[in-house]
Amino acid sequence: MLNKIVRRLSAIYLEFITGFLWWGVGYCPFHHARRFFYRLFGMTIGKGSTIHMMARIYDPRHIQIGKDSIIGERTTLDGRKQLANSQGGLTIGKHVDIASEVMVWTSQHDIHSDDFHAEEKAVTIEDYVFIGPRAIILPGVTIGYGAVVAAGAVVTKNVGAKQIVAGVPAAPIGERKVTELNYCLGRARWFQ
């Protein structure tokens, strides 16, 4: 009984944090202020990285973002890791460009279980990755170094280094021809 109460109180706390970060922080027009509050609630954000307005953040304590990464408007970042032995959480590398309205999920329901329970699986997005607008990244996926995910793709499996994927479900359509990736994404826009 006590375990059930603790789980419920934890869920209410996370719902409050999610709501505050969405309504109170996500609509703030200053990226420095947004970054301050995301860090305050446990998110690790590297130097020069920014999260644009109206991002939906689930459990910031388990989200890590490397330096010089840009997260687009209305992006969903899911860091849920409800159980101590859960494998959830989200890691985003350095110099990653995630376009607007991308959804990155680390939690889903087990559709084959009798109780439809939630399961968490970590998502890793390595350095120099570009994810196009409205792509969806599902739990348990690793997107390799320098990979490109096309707009609208649904990524259900790992993506190799410098691989370009597109479609539903995402499948390889090519490879980046650049041999060495060494760029900075530029400064964040003040009111975005």
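Since every read-out is calculated from the coordinates, none of them should be taken as a lab result. Every value quoted in this text rests on a predicted model; they were computed, and no experiment measured them. Methodologically, a virtual Cβ is constructed for each residue, glycine included, from the backbone with ideal geometry; neighbour enumeration extends over all protein chains shown.
Scan region 148-166 for residues that are part of a loop (DSSP other than H, G, I, E, B), without any contact (Cβ under 8 Å) to a residue 24 or more places away in the chain and not polar (S, T, N, Q) and jot them down.
A150, G152, A153, K157, G160, K162
Could you check how many residues of region 115-138 are crowded, with 21+ Cβ neighbours inside 10 Å and either part of a loop (DSSP other than H, G, I, E, B) or more than 14 Å from the chain's Cα centre (by Cα) (or both)?
So the answer is 3.
Within region 1-36, take every residue that is of a type in the set (S, T, Y) and either loosely packed, with under 11 Cβ neighbours inside 10 Å or more than 29 Å from F191 (Cβ to Cβ) (or both) and give me the one that is nearest to the chain's Cα centre (by Cα). Walk me through it before giving the result.
Here is the first cut: in region 1-36, the ones of a type in the set (S, T, Y) are 10, 13, 18, 27.
Still in the list and also either loosely packed, with under 11 Cβ neighbours inside 10 Å or more than 29 Å from F191 (Cβ to Cβ) (or both): 10, 13, 27.
Working: S10: 21, Y13: 20, Y27: 18 Å.
Among them, the one singled out is Y27.
Can you tell me which residue is surrounded by the fewest Cβ atoms within 10 Å (Cβ to Cβ) among those in region 87-114 that are aliphatic (A, V, I, L, M) and within 20 Å of P60 (Cβ to Cβ)?
Within region 87-114, the first condition is being aliphatic (A, V, I, L, M), and the residues that meet it are 90, 92, 96, 98-99, 102-104, 111.
Of the ones still in play, those that are also within 20 Å of P60 (Cβ to Cβ) are 90, 92, 96, 98, 102-104.
Working: L90: 27, I92: 26, V96: 24, I98: 27, V102: 24, M103: 16, V104: 26.
The residue in question is M103.
What is the number of the single condition among (1) among the small types (G, A, S); (2) assigned to a strand (DSSP E or B); (3) closer than 30 Å to R7 by Cβ that G174 does not meet?
Every condition holds for G174 apart from (3).
When region 37-54 is examined, which residues are found to be assigned to a loop (DSSP other than H, G, I, E, B), of a type outside the set (S, T, Y) and surrounded by 22 or more Cβ atoms within 10 Å (Cβ to Cβ)?
Quick first cut of region 37-54, residues assigned to a loop (DSSP other than H, G, I, E, B) only: 41-43, 46-49, 52-54.
In the following step, the residues that additionally are of a type outside the set (S, T, Y) were identified as 41-43, 46-48, 52-54.
Selection gives M43 alone.
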